[in-house]
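Below is one structure; the comments refer to it alone.
Where a number appears in this text, it was derived from the coordinates with a stated rule and is not lab data. Keep in mind that this is a model prediction, so the values were computed, not measured. Counting neighbours? That spans all protein chains shown, and the Cβs are built from the backbone with ideal geometry, glycine included.
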Amino acid sequence: MVEDSPTPPSSRGGSPSTEAMQTIQRQAWTNIILTVVGTVFGLIIIGWVAGAIVNSFNESPAEVAWRDLQAQTHAEQISGVSENVDATLRWSGDVEYPTLRVTGLPDLPPDSEFVAWWTVEDVAVQAGRFTPTEGSTAITFIESDRPDGAGMLITIEPNGPVSQPSSREVVTLDPAE
């Protein structure tokens, strides 16, 4: 008699072959790994978005105004540099107050603050007081009208009323021409 041909594995009774089991396990592990990687990636994206939202709420109104003024092509400005200090005052009809940004500010002595002065010729009028907002940088509104042709002087003054700038000059912003 002639022997029958071997029966294919799928029609045999009993347990699946080792090769079939390994294939099933590889597929399961691949699915698990892809799920974990996808979840981690999703969490990273969610964290980045949440951080960006929180950072936008941490900006002061002056920082928002400064960013808006930087984007405007019609904004006017005066600026000055002295040693490590770089100061720029920008203004536009679209922003209520001129906005001052100063970087590289020196450390303040105790009971002192920075004072901005409008300067026209030899006359100085106090324009505002400020302290650094982060490290040696300050971004602040100057909540007084800028006189035509005025420059700005930034000094270190003691807390309290001061009628004239001291000799502790930090930087001068030359008037716009």
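Karplus-derived 3J(HN,Hα) values for segment 152-159, using 6.51 cos²θ - 1.76 cosθ + 1.60 with θ = phi - 60°, are 9, 10, 10, 10, 9, 10, x, 4 Hz; glycine and proline are entered as x.
Using just its DSSP H runs of length 4 or more, each adding -39500 (n - 2.57), the chain gives a mean residue ellipticity at 222 nm of -10500 deg cm²/dmol after division by all residues. Couplings 3J(HN,Hα) for segment 101-107, derived from phi with the Karplus relation 6.51 cos²θ - 1.76 cosθ + 1.60 (θ = phi - 60°), are 10, 10, 10, x, 5, x, 5 Hz, where x marks Gly and Pro.
Amide H contacts for residue 127 (H built 1.01 Å from N in the peptide plane; partners 5 or more residues away or on another chain; cut-off under 5 Å): 116, 117, 118. Annotation for residue 17 and residue 36: the two label points, set 7 Å from Cα along the Cα-Cβ direction, are 3.0 nm apart. Computing Rg/Rh (Cα atoms, Kirkwood Rh) for the structure here picks out one of [x] 1.58; [y] 1.11; [z] 1.14, namely [x]. Applying 1/(1 + (r/R0)^6) with R0 = 45 Å to the Cβ-Cβ distance of residue 125 and residue 53 gives a FRET efficiency near 0.65.
Put in line by how crowded their Cβ is, counting other Cβ atoms within 10 Å and starting with the fewest, 86, 94 read 94, 86. Applying a DSSP loop filter and a limit of 12 other Cβ atoms within 10 Å to the GluC sites (Glu not before Pro) in segment 35-136 leaves 83, 96, 121. Between the helical axis of 61-71 and the longest alpha-carbon principal axis of the chain there is an angle of about 80 degrees.
Here each label is just a point 7 Å from Cα along the line to Cβ, and for residue 108 and residue 74 those points are 3.6 nm apart.
Between helix 18-58 and the chain there is an angle of about 10 degrees, using the helix long axis and the longest principal axis of the Cα atoms. Straightening the chain between residue 63 and residue 145 buys 27.6 nm, computed as 0.36 nm per residue apart minus the Cα-Cα spacing. Along each principal axis, taking the top coordinate minus the bottom one, the Cα set of segment 22-99 gives 73, 31, 22 Å in descending order.
Of 104, 82, 22, whose Cα points farthest to the positive end of the dipole of the chain (charges on the beta-carbon: +1 Lys, Arg; -1 Asp, Glu; origin at the Cα centre)? Checked the options; the winner is 22.
Here the Karplus curve 6.51 cos²θ - 1.76 cosθ + 1.60, taken at θ = phi - 60°, turns the phi angles of segment 139-144 into couplings of 10, 8, 7, 9, 8, 9 Hz, with x standing for Gly and Pro.
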